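Here, each number is a calculation from the coordinates, and none is a lab measurement. These figures come from a predicted structure and were not determined experimentally. Quick reminder, even Gly has a Cβ in these numbers, built from the backbone with ideal geometry, and neighbours come from all protein chains shown.
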Amino acid sequence: MQPEDVADLMAYLRGLRAVAGRVPPHELPVIFRIRRAIGFWKLLFLERSPIQQDPARDAVWNRGHYLVEAVGHCAECHSSRNLLGAIKPATRFAGGPDQEGTGFVPNITPTRLGSWTRADLVELLTTGWTPDRRKVASSMADVVINTAQLPASEREAIATYILSLPARPTPQPRRSQAPQVTGYRGRRRRPVLRLP
Ligand code: HEC
């Protein structure tokens, strides 16, 4: 992020009123509680280079690039991850299993949004409505609460950048963890279950 944006964020956080209470303990797997391991993870996966202006693109696209990649973090949900929790580059923006547990976060490259206009995407970021008259739910509803507060020009920039992404195939989620019925047994035809 731009240093002045980080400073603004810090000023905002400093301006919040204190709230009584205790921070609950972490619920992370052991490996992610070792700080050294986090440093190693960052060495492997963290992209540190600042977002560069692309002179071949216009100012709106460049603003969208910054908002989506440095601030909006759309790819953090709309991608699949490897076993160490890092985004697999070939699936960036192409969707993946919801990190909060259930469901699949959709592909937002032209593979799925191919027929969306910029106005469609701006509408979604403003009201949560998709062009086929669905209203987005779960964590995307929270995202829309925030994008709806942006100036219209910022939503237009985000939409311009997202619609310029290269088309990528939607990754196939791993086989479901649910037990599978492989047959039936006995007079009462009890299901025979097999764990995947
Ligand atoms: C916290 C996770 C999260 C983040 C961050 C996030 N999304 Fe989403 N997004 C979702 C989920 C989950 C859905 C599916 C919601 C539904 O269908 O009810 C979704 C749906 C969408 C859809 C609708 C796709 C379709 O075909 O229905 C679009 C477009 C979209 N997101 C764009 C964005 C953009 C642009 C950003 C960044 C500004 C973003 N999302 C950030 C979780 C996220």
Q: Among THR130, GLY64, GLN53, pick out the residue whose Cα is farthest towards the positive end of the charge dipole of the chain, where Lys and Arg carry +1 and Asp and Glu carry -1 on C-beta, about the Cα centre.
A: THR130
Q: Return the sequence-ordered ³J(HN,Hα) values of the range 95-101 in whole Hz as given by the Karplus equation 6.51 cos²θ - 1.76 cosθ + 1.60 applied to θ = phi - 60°, using x for Gly and Pro.
A: x, x, x, 5, 5, 8, x
Q) Under the definition of Cα pairs under 8 Å and six or more residues apart, what whole-number percent is the relative contact order of the chain? A) 19 percent
Q) Using the 10 angstrom Cβ neighbour count as an exposure proxy, how do HIS78, HIS73 rank, fewest first? A) HIS73, HIS78
**Q.** Extension gain (nm, one decimal) between TRP129 and SER115, 0.36 nm per residue minus Cα-Cα
**A.** 3.5 nm
Q: May I ask you to evaluate 6.51 cos²θ - 1.76 cosθ + 1.60, the Karplus curve with θ = phi - 60°, for each residue of the range 7-13 and list the ³J(HN,Hα) values in order in whole Hz, giving x for glycine and proline?
A: 4, 4, 4, 4, 4, 5, 4
Q | Computed helical MRE - 222 nm, the chain, DSSP H runs ≥ 4 contributing -39500 (n - 2.57), nearest 500 | A | -10000 deg cm²/dmol
**Q.** Max mean-square fluctuation residue, GNM over the chain, Cα-Cα springs under 10 Å, options GLU156, GLU76, GLU47
**A.** GLU47
Q) Using θ = phi - 60° and the Karplus curve 6.51 cos²θ - 1.76 cosθ + 1.60, what whole-Hz ³J(HN,Hα) does each residue of the range 56-69 get, with Gly and Pro shown as x? A) 6, 10, 7, 5, 5, 4, 5, 5, x, 4, 5, 5, 6, 8
**Q.** Amide hydrogen neighbours beyond the local backbone of VAL105, cut-off 5 Å, H modeled
**A.** GLY96, ASP98
Q. What's the longest bit of the chain with no exposed trypsin sites (Lys or Arg not before Pro), using DSSP loop states and at most 10 other Cβ atoms within 10 Å as the test?
A. 49-132
Q. Sequence-distant or interchain residues sharing an amide H contact under 5 Å with LEU150, placed H: which?
A. none
Q: Mind listing the long-range amide H neighbours of ARG81? Cut-off is under 5 Å, sequence gap 5 or more, other chains count too, H placed in the peptide plane at 1.01 Å from N.
A: LYS88
Q) Size of the dipole of the chain about the Cα centre, Lys and Arg at +1 and Asp and Glu at -1 on the beta carbon, nothing else charged, in debye to 20? A) 1760 debye
**Q.** For the chain, alpha-carbon Rg over 2.2 N^0.38 Å
**A.** 1.28
Q: For a footprinting-style exposure proxy, rank TYR12, TYR66 by other Cβ within 10 Å, fewest first.
A: TYR12, TYR66
